[in-house]
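Worksheet: one structure, shown below.
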Amino acid sequence: MMDSLGGFLLVITAGICWIGVGMVVSKCSARGWDFNLVQGLNYAGATLVCSLLLAGSVSWSDPGSVFGLGFLMSFLAGITNFYSFLFTAKAMERGPNGLVWGIMQSGMIGSFLMGVVIFGEKAAPVRFLGLFLILSGILVMGVSRDSRSSVRGKNWVLPTLAAFLLVMVTQSVNSLPSYLQKESGSDSLVRTLGLYFGGMIGFMLTTLPGMIRKRNYGVRGEWIAAIILMVLNVSASLFFFYRGLDLLAKSGCASLGYPVSIGVCVIGFSVYSLLILKEKFARLSLAGLGAVCLGIIIISLQ
């Protein structure tokens with residue numbers, strides 16, 4: 001009981017951190033900053049911080065115990081995570097930020113389905129109603145017309161759906177070490193390092209060559225955004241999410257980790273987009289976003 005309660009509190013706190021991440025992505029898109037560069041600087045800084053922490057906290061007599069299966073899975077998740085945010089930033093430049101963020105983060109259904117289908121976690125029938133509401137909400141938001149779509153068309157939908165699919169992969173792969181703790185190890189610092197090292201590799205493959213060629217090393221605002229992202233992401237992963245996911249796994253409900261944290265994240269960012277960004281959605285779009293938020297809440301029920 002205490003494990004599950006502590007796990008829920010930790011993943012909720014991670015979700016609050018991720019609301020801040022969404023705000024940073026939105027701000028970069030609004031100001032025309034190069035989010036690939038911002039994201040790459042964030043990953044490079046996070047990798048450096050985690051490497052220094054790891055160097056002083058583990059024994060290096062057996063490197064395989066550190067850089068094992070858990071590190072590899074987090075590394076792969078980091079690469080797909082980098083590209084998911086690349087598509088998210090593109091979509092936010094073209095369309096309503098609240099809808100983009102809601103659809104993209106709905107990819108958490110991947111980890112839920114993996115837990116139920118592959119690892120046999122029990123799911124009450126009502127949680128499948130939540131799954132239906134999420135998918136229906138995504139469909140409704142994709143076909144409805146909002147104020148920005150009437151001017152620019154629906155050119156934000158395809159990158160948003162690409163981000164959604166990549167998030168499904170990212171969160172499924174990133175959850176595996178919590179299910180396979182004996183085989184992979186599940187140290188939060190190792191997993192955080194793997195995640196951000198993978199993201200840094202994505203940055204090096206995608207953005208770094210062009211940066212060097214053009215001698216574009218970012219403006220002051222991009223560096224500040226990268227530092228804020230690094231603090232939020234490292235805090236969420238290292239101190240809250242992975243530890244919460246491990247506690248939930250011990251209680252047999254690891255599949256709730258992402259739905260709960262993402263539910264907090266999506267609902268919080270939706271409030272931000274409506275009240276702070278003053279985005280105006282068509283009624284159908286708002287209904288779709290509401291269905292996604294309600295679906296995430298239902299799917300989080302044990």
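Please specify each residue of region 84-101 satisfying the condition of being of a type outside the set (S, T, N, Q) and closer than 19 Å to GLY40 by Cα.
Listed by number, the residues that qualify are PHE85, LEU86, PHE87, ALA89, LYS90, ALA91, MET92, GLU93.
Please count how many residues of region 196-224 are assigned to a helix (DSSP H, G or I) and open to solvent by 10 Å² or more (accessible area, probe 1.4 Å).
Result for region 196-224: 19.
Considering only residues that are closer than 16 Å to MET108 by Cα, touching a Lys or Arg at 6+ places or on another chain (Cβ under 9 Å) and among the polar types (S, T, N, Q), which ones fall in region 256-301?
Selection gives SER300 alone.
Do you know which of the residues in region 244-257 that are in a helix (DSSP H, G or I) and either open to solvent by 10 Å² or more (accessible area, probe 1.4 Å) or aliphatic (A, V, I, L, M) (or both) is nearest to ALA124 (Cα to Cα)? Before you say what the answer is, go through the steps one by one.
Step one: list which residues in region 244-257 are in a helix (DSSP H, G or I), which gives 244-250, 254-257.
With the extra rule that they be either open to solvent by 10 Å² or more (accessible area, probe 1.4 Å) or aliphatic (A, V, I, L, M) (or both), the set shrinks to 245-250, 254, 256.
On the way: LEU245: 20, ASP246: 21, LEU247: 20, LEU248: 17, ALA249: 17, LYS250: 19, ALA254: 15, LEU256: 12 Å.
Checking each candidate, the answer is LEU256.
Looking at (1) at pLDDT below 80; (2) under 19 Å from SER188 (Cβ atoms), can you tell me which one ASN233 breaks?
(1)
Right, LEU277: open to solvent by 20 Å² or more (accessible area, probe 1.4 Å), modelled with pLDDT of 80 or more and in a helix (DSSP H, G or I) or not?
Here the answer is no, as LEU277 does not meet what is asked.
Looking at region 118-141, which of its residues are under 23 Å from the mean Cα position of the chain (by Cα) and β-branched (Val, Ile, Thr)?
ILE118, ILE134, ILE138, VAL140
How many residues are within 15 Å of GLN39 (Cβ to Cβ) and open to solvent by 10 Å² or more (accessible area, probe 1.4 Å) if we restrict to region 82-112?
6
Looking only at region 1-53, which residues are open to solvent by 20 Å² or more (accessible area, probe 1.4 Å), over 29 Å from SER273 (Cβ atoms) and not small (Gly, Ala, Ser)?
If the condition is that a residue be open to solvent by 20 Å² or more (accessible area, probe 1.4 Å), over 29 Å from SER273 (Cβ atoms) and not small (Gly, Ala, Ser), then MET1, MET2, ASP3, LEU5, LEU48, VAL49, LEU52, LEU53 are the ones that fit.
Starting from region 18-43, take each residue that is under 10 Å from GLU222 (Cα atoms) and list its partners that are among the acidic types (Asp, Glu), counting only C-beta distances under 7 angstrom and pairs at least six apart or across chains.
TRP33/GLU222; ASP34/GLU222; LEU37/GLU222; VAL38/GLU222
The values are calculated or read from the model by the stated rules, or taken from the named source; none is laboratory data. Not measured: the values here are computed from a predicted model. Neighbour counts are summed over all protein chains in view; Cβ atoms, including those assigned to glycine, are modelled from backbone coordinates with ideal geometry. To get the accessible areas, we keep the full protein, side chains included, count just its heavy atoms, and leave off ligands, DNA and RNA. Shrake-Rupley method; radii C 1.70, N 1.55, O 1.52, S 1.80 Å.
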